[in-house]
1. Considering only residues that are touching a residue at least 40 places away in the same chain (Cβ under 8 Å) and among the polar types (S, T, N, Q), which ones fall in region B:118-143?
2. Name every residue in region A:14-36 that is assigned to a helix (DSSP H, G or I), under 22 Å from A:M68 (Cβ atoms), at pLDDT below 75 and not aromatic (F, W, Y), in order of residue number.
3. So, in region B:72-101, of the ones that are among the hydroxyl-bearing types (S, T, Y) and assigned to a helix (DSSP H, G or I), which residue ends up farthest from B:H45 (Cα to Cα)?
4. Would you check if there is a residue in region B:276-291 being at pLDDT 80 or above, out of contact with any Leu (no Cβ under 6 Å at 6 or more places or on another chain) and more than 12 Å from every other protein chain (Cβ to nearest Cβ)?
5. Working only within region B:243-255, note down all residues that are within 16 Å of the chain's Cα centre (by Cα) and in a helix (DSSP H, G or I).
6. Could you please find all residues in region A:5-21 being within 15 Å of A:V307 (Cα to Cα), surrounded by 14 or more Cβ atoms within 10 Å (Cβ to Cβ) and not aliphatic (A, V, I, L, M)?
7. Restrict the check to region B:60-69 and report whether at least one residue is closer than 16 Å to B:L294 by Cα and buried (at least 19 other Cβ atoms within 10 Å of the Cβ).
8. Find all pairs meeting these conditions: Cβ atoms under 8 angstrom apart; at least six residues apart or on different chains; first residue within region B:247-274 and facing another protein chain (nearest Cβ under 8 Å); second residue of a type in the set (F, W, Y) and surrounded by 22 or more Cβ atoms within 10 Å (Cβ to Cβ).
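The values are calculated or read from the model by the stated rules, or taken from the named source; none is laboratory data. Since we're looking at a predicted model, the values are computed, not measured. In this analysis, Cβ positions are derived from the backbone assuming ideal geometry, glycine residues included, and neighbour counts consider all displayed protein chains.
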Amino acid sequence: MFAFIVSRVLQAVPVVLVVGLIAYAMFAFVGDPVTIMLGTDYTEAQRVALVKQLGLDQPFFVQYAKFMWAALHGEFGISYRLARPVTDLLAERMPATLELALTASVFALLIGVPMGVYTGIYRTAFSSRVFMIFSLIGVSLPTFLIGILLILVFSVWLQVLPSFGRGDVVRFPHWSTGFLTTGGLKALILPAVTLGLFQMTLIMRLVRAEMLEVLRSDYIKFARARGLGTRAINFGHALRNTLVPVITIAGLQIGGIIAFSIVTETVFQWPGMGLLFVQSVQVADVPVMAAYLVMISVLFVLINLVVDLLYYAVDPRLRVVR
Amino acid sequence: MSAIARWLDSDVAYSFRRSPVALMAALVLAIILAGAVLAPWIAPHNPLDLASLNLMDSRIPPVWDAEGQRSFPLGTDDQGRDILSGIMYGVRISLVIGVASVIFAIVAGIAVGLLAGYAGGVLDAVLMRVADIQLTFPAILIALLVDGVVTAALPQEMHERLKTQVLIFSIGISFWPQFARTVRGSTLVERGREYVMAARVIGLSSGRIMLTHILPNVLGPVFVIGTLTLGLAILSEATLSFLGVGLPPSSPSVGTLIRIGNDFLFSGEWWMTIFPGLTLVLLVLSINLLGDWLRDALNPKLR
């Protein structure tokens, strides 16, 4: 177990280093921060001083090492667009994105798994077919269009839910949450559904396919022969054995959720990191882009690690010492 | 002529005729394609011709609404552009970018896959590791990032002019690993076959063996993945344009139209968004269904 974790972590290090190199290369070769920061009116002495201050007179790999070192300490420089430390900007917006992603994942799992189990068990029922058609539409609709449709129906026509922002937010020193107020919760519904819908349909189809597979297997027949109740068979035996692929996909989809939160946050003007990233891409704000990239890659590596560890928890066959 | 007759007689054509879903999807796709290709001749208006725009025509609802007008079947946007014509021209742009970026991804993927599979060793390990790393990130994120970097690297005055090429490059780059992995896998298998051995014995160069002997034998799955990727590429373009980093409103793709319409959602002018959105969904759905069908039809195990 310990060796497994160590080898996984060691595999992850080059990924982060490569992504860091790309992020740094963006810094080094895209645009000229000196001219951007100095504006139009400056003397040669000022320019040289700034070059020295930013460390741009040193060799490439020294600068890269410094960049990674600073990144390790959570320092990514200053945003060209907002003239504030990137770390502060990201830290301010992280709660919004994480709360959104968390709610969307919980929504996807809580609705997707039961629907998958239901359509797997009663696969010929009329309601199952309706669910399947619904899921096909869910997979084909692009995220931003789902958001627009939801806004049109619930905010413009029915006027029951807010269409942008986080609503009322309770602020703590390092965190701001929308979970504690009615306004905040209401503002969370549409974005979370938009973001979670694709994952939900994916999980539902996956659970259904796995259930169909498992329900045909011998140990289910044997469990029936032993006279176990339907409930125990469906949930204790069948569902449990579908969980490994579901955890893989759901885990890897957390990455997808973070990426698509960029789109969802733009549609709903949700003040999270994704919106910050899009605004930065539009004006080529390299420090923010680089920081976001490094952060996302670390996050993805962590998610992959956790997914691998969850296998161990769920599937006893993997615990056999090789 | 005989080629067409032979195709009509083939297994693939038979399974096509027998699949109602594939027929439906092909029909929808054909209608959208016809509208896009023939747009300059059959579109009621030319949305790119600024001189023909009249602000008096702005924000007209679709024709079945009481305030609708016959000459604007699906209504108009805030500038008085006809929505239907806008969609027809927009689909052209979306399709061109989608197809071009998939071709870019296919060419890059084949090159890397052939090289990695045929050469093996360190080159293979490095190239496939890069592909693995990229695959852990969602394609849309890669496309967004590449787009941002390239735009930042280009001088200001080239942005507008090269935006289409930048988009094709960004989207193409985000999809190459799938192709590279597939081609590499098949190349590894083909490399061990007798005909490759024979070609080597005759003394053909590695490049020639890869291109004229192995390549034709690894193309099959590439087409299937290519079809399915086309749907994703069109969605990527629409998403990028919607996010405001894609095409500018001066040459609107379907995604740009949705973005423009989105600003008027709250004043009740839903048709500006919904019709381009519906077109996008139908286009992508029909391409995906055709791709699914093609995958099953070409899979000998399912016959």
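1. Within region B:118-143, B:Q134 is the sole residue that qualifies.
2. Keep residues of region A:14-36 that are assigned to a helix (DSSP H, G or I), which gives A:14-29, A:33-36.
Add one more test, that the residue is under 22 Å from A:M68 (Cβ atoms), and what stays is A:14-29, A:33-34.
Pick out the ones that are also at pLDDT below 75 and you get A:26-29, A:33-34.
Scanning region A:14-36 gives A:M26, A:A28, A:P33, A:V34.
3. Residues of region B:72-101 that are among the hydroxyl-bearing types (S, T, Y), as a first pass: B:76, B:85, B:89, B:94, B:101.
Filter once more, keeping what is assigned to a helix (DSSP H, G or I): B:85, B:89, B:94, B:101.
On the way: B:S85: 6, B:Y89: 10, B:S94: 19, B:S101: 29 Å.
So the residue we want is B:S101.
4. Yes; the residues of region B:276-291 include at least one that is at pLDDT 80 or above, out of contact with any Leu (no Cβ under 6 Å at 6 or more places or on another chain) and more than 12 Å from every other protein chain (Cβ to nearest Cβ).
5. B:V254, B:G255
6. A:R8
7. no
8. B:I258/A:F144; B:I258/B:F242; B:N262/B:F242
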